[in-house]
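The values are calculated or read from the model by the stated rules, or taken from the named source; none is laboratory data. Please read these numbers as outputs of a predicted model, since none were measured by experiment. Neighbour counts run over all protein chains shown; Cβ positions are idealised from the backbone, glycine included. Quick note on the areas: whole protein, heavy atoms, side chains included, nothing else; ligands and nucleic acids left out. Shrake-Rupley method; radii C 1.70, N 1.55, O 1.52, S 1.80 Å.
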Amino acid sequence: MKETQPIALFDSGMGGLTVLKALADRLPGEDMIYLGDTARLPYGTKGRETIIRYTLKAARKLLENGVKMLVIACNTATATALPALREHFAGLPILGVVEPGALAAARASRNGRIVVIATEATIAGGAYQEAVARIRPEAVVLGRACTLFVPLAEEGWMDGPLVEGIARRYLEDIFTPPAARPDTLLLGCTHFPPLQQALRQVVGTRVRIVDSAATTAERVQQELASRSLLRESASPGRRRFLTTDNPARFIRTGSLFLGRALKDAEVELVDL
Ligand code: DGL
């Protein structure tokens, strides 16, 4: 492995761009290649075996590009397929977003009452509950699947009364006083950070809303540094975006997730 090789990032769709953004802010000189499996999205409502099969295929595609590290920028794929990935691609550093997300929530919470919202598959697997328990055993973690947030975000509907109404339906019972209110909302799906404004309207101003993007970027940096694989370059790294369906749509909505306009030349259609 050489430091000049790119870092690969994978998500079922565009959500992982929120992780790429944090990583590019922290390590601007690194080359990055991103794959969004938009043809098969959503992963979060699919069965375990299917998620593992799709994720392994996507990883194989990314590895064709001679990458030095694989970041699974998808909670569903991390929660379900991380052991299978590490078994199949032994020797390659592979990081997921669940441990960093759990760390962000454990750090943020004062009263140890944390709500994690994610896809059905992530919640059903209990990965977040286990990850938080490893860091803060006394914490109480309540999980809730918020399936509709994924298509809303992929549609570019990030705020407004409709999104708030759906968020209210999913979360109101948890955040209504006088129950012992959680003080931290963990966005356990990389599609959710753009919906933050709408979520804020529902949970109120006192709840901390955290996600895994910044802590994942921190972990990637630590991991690369420990292997002497950090690229020290003054010039900005190259970015490539692969999508398995409809590049025009990827450019349109992906730009919202990334916070900058994607260029045609950066996005390629690939088959897995
Ligand atoms: N972005 C994925 C995650 O973090 C979920 C989207 C999907 O259901 O495919 O869990």
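Taking θ = phi - 60°, what integer Hz values does the Karplus form 6.51 cos²θ - 1.76 cosθ + 1.60 yield along region 35-44, in sequence order, with x for Gly and Pro?
Calculated HN-Hα couplings, in order: 10, x, 7, 5, 5, 10, 4, x, 8, x Hz.
With all distinct Cα pairs included, what does the Kirkwood hydrodynamic radius of region 25-106 come out to in Å, to one decimal, could you say?
13.6
Leaving ligands, DNA and RNA out of it, work out the accessible area of Leu103 with a 1.4 Å probe and give it in Å² to the nearest 10.
50
Student exercise: in the chain, how many lysine pairs 8 or more apart or on different chains have Cα atoms under 20 Å apart?
Close lysine pairs found across the chain: 6.
Would you work out the Kirkwood radius for region 174-226? I mean one over the mean of 1/r across all pairs of different Cα atoms, in Å.
After inverting the mean inverse Cα-Cα distance, the result is 12.7 Å.
Got a number for the accessible area of Lys2? Probe 1.4 Å, square angstrom, nearest 10.
130
GNM on the chain, C-alpha springs below 10 Å: top fluctuator among Ala121, Ala105, Ala133?
For the chain, modelled as a Gaussian network with Cα springs under 10 Å, the answer is Ala133.
Rolling a 1.4 Å sphere over the protein heavy atoms, what is the accessible area per residue of region 1-153, to the nearest Å²?
Value returned for region 1-153: 36 Å² of accessible area per residue.
For Gly96, what residues show an amide H to amide H distance below 5 Å, using hydrogens built from the backbone and excluding near sequence neighbours?
Hits under the 5 Å cutoff: Ile72.
With every protein chain in place, what's the accessible area of Asp245 (1.4 Å probe, Å², nearest 10)?
For Asp245, solvent-accessible area is about 80 Å².
Rounded, prolate or oblate: which one fits region 44-184, using the alpha carbon gyration tensor with axes a ≥ b ≥ c (rounded when a/c is under 1.5, else prolate when a/b beats b/c, else oblate)?
Oblate, since a/c reaches 1.5 and b/c is not below a/b.
Suppose a student asked you for the relative contact order of the chain, using Cα pairs under 8 Å spaced at least 6 residues apart; what percent would you report?
Reported as a whole number, the value is 27 percent.
Hey, if you put +1 on the Cβ of every Lys and Arg and -1 on every Asp and Glu Cβ in the chain, which of Ser235, Leu63, Leu256 ends up farthest toward the positive end of that dipole?
Ser235
If only Cα atoms are counted, what is the Rg of region 1-70, and what is its Dmax, in Å?
Cα only, region 1-70: 12.8, 38 Å (Rg, Dmax).
Compare Ser12, Ser235, Ser109 in a GNM of the chain, Cα atoms joined below 10 Å, and give the one with the largest fluctuation.
Sorting by GNM fluctuation, first place goes to Ser235.
Can you work out the Karplus-derived ³J(HN,Hα) for every residue in region 237-243? Use 6.51 cos²θ - 1.76 cosθ + 1.60 with θ = phi - 60°, whole Hz, and x for glycine or proline.
Taking θ as phi minus 60°, the curve returns x, 8, 10, 10, 10, 10, 9 Hz for region 237-243.
Ordering Glu130, Glu218, Glu64, Glu3 from largest to smallest accessible area (1.4 angstrom probe), what's the sequence?
Glu64, Glu130, Glu3, Glu218
How large is Rg/Rh for the chain, to two decimals, with Cα atoms and a Kirkwood Rh?
Radius of gyration over Kirkwood radius for the chain works out to 0.95.
Helix-derived [θ] at 222 nm for the chain: sum -39500 (n - 2.57) over DSSP H runs of at least 4, divide by residue count, nearest 500?
Using -39500 (n - 2.57) per qualifying helix, the result is -13500 deg cm²/dmol.
Go through Leu82, Ile135, Gly165 and say which Cα lies farthest out towards the positive end of the charge dipole of the chain; charges sit on Cβ, +1 for Lys and Arg, -1 for Asp and Glu.
Sorting the options by dipole projection puts first Ile135.
Whole number please: convex hull volume per residue of the Cα set in region 90-159, in Å³? Walk me through the numbers on the way to the answer.
Details: hull volume 9.1 nm³, N = 70.
Cα-based convex hull of region 90-159, divided per residue, equals 131 Å³.
If the only charges are +1 at each Lys and Arg Cβ and -1 at each Asp and Glu Cβ, what is the size of the charge dipole of the chain around the Cα centre, to the nearest 20 debye?
The calculation lands at about 340 debye.
Treating region 146-272 as a set of equal point scatterers at the Cα positions, no solvent, please give the Debye-formula log₁₀ I(q)/I(0) at q = 0.14 Å⁻¹.
Each listed q corresponds, in turn, to -0.81.
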